[in-house]
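Accompanying notes for the structure given below.
The values are calculated or read from the model by the stated rules, or taken from the named source; none is laboratory data. Predicted model only: the values in this text are computed from it and were never measured. Don't worry about glycine lacking a Cβ; one is built from the backbone with ideal geometry, like all the others, and counts go over all protein chains shown.
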């Protein structure tokens, strides 16, 4: 519908001047938009040519190192030009442009740990955009199976939560699979309260136990007297709010969109938690110049075992960024120990290979679980 303006007063030149100036500005915006469409389509033509080259060479369509380098370059250009858009805005805009490009290059399919509207779903959509296809799976094993059988190209899975620690199911499946970590995402979790309407405070709020535990004090302060109920998923909580006007749900902003609910409150920043997610692929990422590697070290359980492992990396001047240990399955005698290490560097680096060789001579078994670009940006909605 055309936009209507209030009647002009011919006797008032400022009235006429303001309206004409507004029209001139909007005409200029329209002209810029037309140029943007033309340039985006020119970009799409080049993307299709890139896809042809990649297909002939057997290269991956999605290259996380290239993606991050491009986003950083665009943000630097924006800063140099003293642009009004924030870095977050630049990244969001070009993520969708790149998502459309991925859809042009190939029908990219991404599995994620569901249900629909989960944190992992939110992270996957934020990372890959709205132009690719998504498949929810109800278990981590199911995500591994779908990537292994090529039903999907990649899977997004949680691997660490700042309050809960490592997601051990993901680590254990990496040990037993030939699949590897292809990329990593750092994410700042934002929890919202959603309801049909914000006109009246809810009588009840439904949510996943973990979300409720983190936000319980804030919810009591924001909605005094509200009754809290645990549900097995945020999606189920949202369905209650969708069907009842007197209750609300705790969940993700994406969950509110999918269930057509209104966000009536958002958790304060001091309640935000950080989480790590992996993009599971059929191989490691290529060296990007700034990488991390996850590996499993299986060693005899003896005094100083961990120290011996760390000394090997220290001698090669390799930084060990994180350590987790897990019991070895079917080891009734507890004679073996299993460590998960995240180190700085790529597994193709010569110093890394020298460290692996030294560990082998000490009687340890090493499995590379993936090398991937080190995240330089904490993602958030």
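Side notes on the structure shown:
- Tally of residues being crowded, with 17+ Cβ neighbours inside 10 Å, touching a helix residue (DSSP H, G or I) at 6+ places or on another chain (Cβ under 9 Å) and part of a loop (DSSP other than H, G, I, E, B) across the range 278-328: 5
- Lone qualifier among 167, 137, 147 - being surrounded by 17 or more Cβ atoms within 10 Å (Cβ to Cβ), touching a helix residue (DSSP H, G or I) at 6+ places or on another chain (Cβ under 6 Å) and not assigned by TED's automatic domain parsing to the domain that holds residue 347: 137
- Sole residue being free of Cβ contacts under 8 Å to residues at least 40 places away in the same chain and in contact with a strand residue (DSSP E or B) (Cβ under 6 Å, 6 or more places away or on another chain), chosen from 212, 174: 212
- Tabulated pairs, the range 350-373, first on the phi > 0 side of the Ramachandran plot, second part of a helix (DSSP H, G or I), C-beta under 8 angstrom, 6+ apart or interchain: 370/174
- Per-region count, the range 202-245, residues farther than 19 Å from residue 268 by Cα, surrounded by fewer than 21 Cβ atoms within 10 Å (Cβ to Cβ) and at pLDDT 85 or above: 14
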